[in-house]
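One structure below.
The values are calculated or read from the model by the stated rules, or taken from the named source; none is laboratory data. Because the structure is predicted, anything quoted here is derived from the model rather than measured. FYI the Cβ positions are ideal-geometry reconstructions off the backbone, even for glycines, and counts take in every protein chain you see.
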Amino acid sequence: MIQQRANFDWMLKELADGVHGTRQIVVLSADGLRIARHGGDPDAADRLAAACAGLQSLAAAVATEIPESDGTMRMVIIEVDCGYFYMMAAGAGAYLAVLAEETVDAGLIGNRMRDLVVRIGAHLTSPPRRDGQAV
């Protein structure tokens, strides 16, 4: 079961504080529901979570085209004008997404995201849903 959103606040803040240039962090379920956020406003976090659901599905479809791959999406990085977007698998049915300025240290943010997922990955698991309810 997903921990209360407030329990993630300090963990996400720690990631943001530890990497200069981090703007927004969102933890989301595979179906695009925001579990937790740090930075930015709640509406922006909800839009980002919804977009990430489609992106993780697309990344998994692309991964199946690699013969040795099992189709699992581990990380997506997108460079846009003035910044970067990172999304990483963070447990069964959960993802960690970060928006960052163009000055962010790409290696550092990737490593810190991995560290966070390792430390709290079991808590970032989102159970499957049926009719809007956890199964």
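Here are the numbers for the structure shown:
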| read-out | value |
| --- | --- |
| Any hit, the range 3-12, residues being crowded, with 16+ Cβ neighbours inside 10 Å and touching a strand residue (DSSP E or B) at 6+ places or on another chain (Cβ under 7 Å) | yes |
| Enumeration of residues in the range 82-111 that are under 20 Å from Ala49 (Cα atoms), in contact (Cβ under 8 Å) with a residue 60 or more places away in the chain and surrounded by fewer than 19 Cβ atoms within 10 Å (Cβ to Cβ) | Gly83, Gly93, Glu101 |
| Any chance Glu14 is under 24 Å from Thr103 (Cα atoms) and either in contact with a Phe, Trp or Tyr (Cβ under 6 Å, 6 or more places away or on another chain) or acidic (Asp, Glu) (or both) | yes |
| Of all residues in the range 57-81 being surrounded by 13 or more Cβ atoms within 10 Å (Cβ to Cβ) and touching a Leu at 6+ places or on another chain (Cβ under 9 Å), the one that is modelled with the highest pLDDT | Val76 |
| Of all residues in the range 107-129 being farther than 14 Å from Val27 by Cα and of a type in the set (D, E, K, R), the one that is modelled with the lowest pLDDT | Arg129 |
| Odd one out for Ser29, checked against (1) among the polar types (S, T, N, Q); (2) within 23 Å of Ala106 (Cα to Cα); (3) touching a helix residue (DSSP H, G or I) at 6+ places or on another chain (Cβ under 9 Å); (4) surrounded by 16 or more Cβ atoms within 10 Å (Cβ to Cβ) | (2) |
| Wholly within the range 1-108, strands (runs of 3 or more DSSP E) carrying at least 2 residues that are under 21 Å from Arg119 (Cα atoms) and of a type in the set (Lys, Arg) | 34-38 |
